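Student: One structure is given below, represented as structure tokens, and several questions about it will come after.
Read the figures in this text as sums done on the coordinates, not as results from a lab. Note that this is a predicted model, so its numbers are computed, not measured. In this analysis, Cβ positions are derived from the backbone assuming ideal geometry, glycine residues included, and neighbour counts consider all displayed protein chains.
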Amino acid sequence: MSSWAGLIGACLGALGVAAGAFGAHGLKTLLDQRGSKHIWDLAATYQLVHAMALLLVVLTLEARGSSTSLTTATAAFTAGIVLFSGSLYVLAVGGPRWMGPITPLGGTAFIVGWLALALAWRPA
């Protein structure tokens with residue numbers, strides 16, 4: 001389990017940096033025209049923060065051992081990145097407006113991930 005969480009976290013971290021750079025350079029003109037650079041930046045920031053959260057899951061797995069809470073945290077953080085950051089990336093470049101309601105689902109997944117991580121650290 002820790003290998004998967006680490007692999008996912010590291011890859012999503014790398015993609016977050018790449019997305020931030022792509023938004024700042026490759027999409028700069030488009031994002032500036034649309035006034036949506038802040039949306040792209042928010043997506044990249046949340047992606048990077050939650051990629052690091054996945055790496056925190058790995059450290060927790062090594063310290064506490066595998067648990068349902070940590071499996072849930074891994075899934076929730078991953079889903080949150082896909083839904084929250086993914087929908088914001090799409091919206092920032094002019095994607096369909098129906099993507100907007102998907103963003104809060106990703107935010108909810110982030111909250112679930114943090115609560116699951118907290119459960120994994122609860123005192124015995």
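Student: Return the distance in nm (one decimal) between the two label points of a simple spin-label model at Thr45 and Arg122, each offset 7 Å from Cα along Cα→Cβ.
Tutor: 3.2 nm
Student: Say R0 is 41 Å: what FRET efficiency, to the nearest 0.05, do Leu56 and Trp98 get from their beta-carbon distance?
Tutor: Efficiency, rounded to the nearest 0.05: 0.80.
Student: In degrees between 0 and 90, to the nearest 10, how far off the longest principal axis of the chain does helix 68-80 point, with axes built from Cα atoms?
Tutor: Once rounded, the angle reads 0 degrees.
Student: Next question. Using θ = phi - 60° and the Karplus relation 6.51 cos²θ - 1.76 cosθ + 1.60, list the HN-Hα couplings for segment 52-59 in order, rounded to whole Hz, with x at every Gly or Pro.
Tutor: Per residue, the Karplus-derived 3J(HN,Hα) values read 5, 4, 5, 5, 5, 4, 4, 4 Hz.
Student: Something else: Using a basic spin-label model with each label point 7 Å from the Cα along Cα→Cβ, how many nm lie between Ala24 and Ser3?
Tutor: Label at Ala24, label at Ser3, 3.5 nm between them.
Student: Can you work out ³J(HN,Hα) from phi for every residue in segment 30-45, in order, using Karplus 6.51 cos²θ - 1.76 cosθ + 1.60 and θ = phi - 60°, giving whole Hz and x for Gly and Pro?
Tutor: Listing the rounded values in order: 4, 5, 5, 4, 7, x, 10, 4, 4, 5, 4, 4, 4, 4, 5, 4 Hz.
Student: Percentage of Cα-Cα pair distances in the chain greater than 20 Å, rounded to whole percent?
Tutor: In whole percent, the long-distance tail amounts to 43.
Student: Taking the Cα centre of the chain as origin and charging only Cβ (+1 Lys, Arg; -1 Asp, Glu), how large is the dipole, in debye to the nearest 20?
Tutor: Dipole about the Cα centre, nearest 20: 160 debye.
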